[in-house]
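*Asks:* Take this structure first; my questions come after.
The values are calculated or read from the model by the stated rules, or taken from the named source; none is laboratory data. What you see is a predicted model, and the numbers here were worked out from it, not measured in a lab. We place every Cβ from the backbone using ideal geometry, glycine too, and count neighbours over all the protein chains shown. Areas reflect the complete protein model, heavy atoms only, side chains present, ligands, DNA and RNA absent. Shrake-Rupley method; radii C 1.70, N 1.55, O 1.52, S 1.80 Å.
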Amino acid sequence: MTNYFGTPRSHIIFAADQPTSNENFEVLDQIYEQVDIIKLSAFLAFDEGAQIIEKFKTRYNLPIFADFK
């Protein structure tokens, strides 16, 4: 079934909840091929700035869900 984020392969959403982008990159570098969507926490975006969204998008070419609730 196709949805807003495309056709899911694994149904895995990676929650980028580590305190820094580099800590999240360390994990994602190993598993991103199995991930369908990256969910960024508001804390990470607020700490590192909105440009972090583009860094994740460019590095992994996956849909980004910014969880800013």
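*Asks:* For the pair Glu23/Ile64, report the inter-label distance in nm, with labels modelled 7 Å from Cα in the Cβ direction.
*Replies:* 1.9
*Asks:* Carbon and sulfur atoms: what percent of the 1.4 Å accessible area of the chain do they account for?
*Replies:* Details: 2620 of 4710 Å².
Taking all protein chains in place, the chain shows 56 percent carbon and sulfur surface.
*Asks:* To the nearest µm²/s, what D does Stokes-Einstein give for the chain at 25 °C and 0.890 mPa s, using the Kirkwood radius over alpha carbon pairs as Rh? Mind dumping the intermediate values first?
*Replies:* Numbers: Rh = 12.2 Å.
Answer from the Stokes-Einstein relation: 202 µm²/s.
*Asks:* Next question. Counting only heavy atoms of protein chains, what accessible area per residue, in Å², does the chain have with a probe of 1.4 Å?
*Replies:* Values: 4710 Å² over 69 residues.
That works out to 68 Å² per residue.
*Asks:* FRET efficiency for Ala50 and Ile12, Cβ-Cβ distance as r, R0 = 25 Å, nearest 0.05? Don't skip to the answer; put the middle values down first.
*Replies:* Working: r = 25 Å, r/R0 = 0.99.
So, using R0 = 25 Å, E works out to roughly 0.50.
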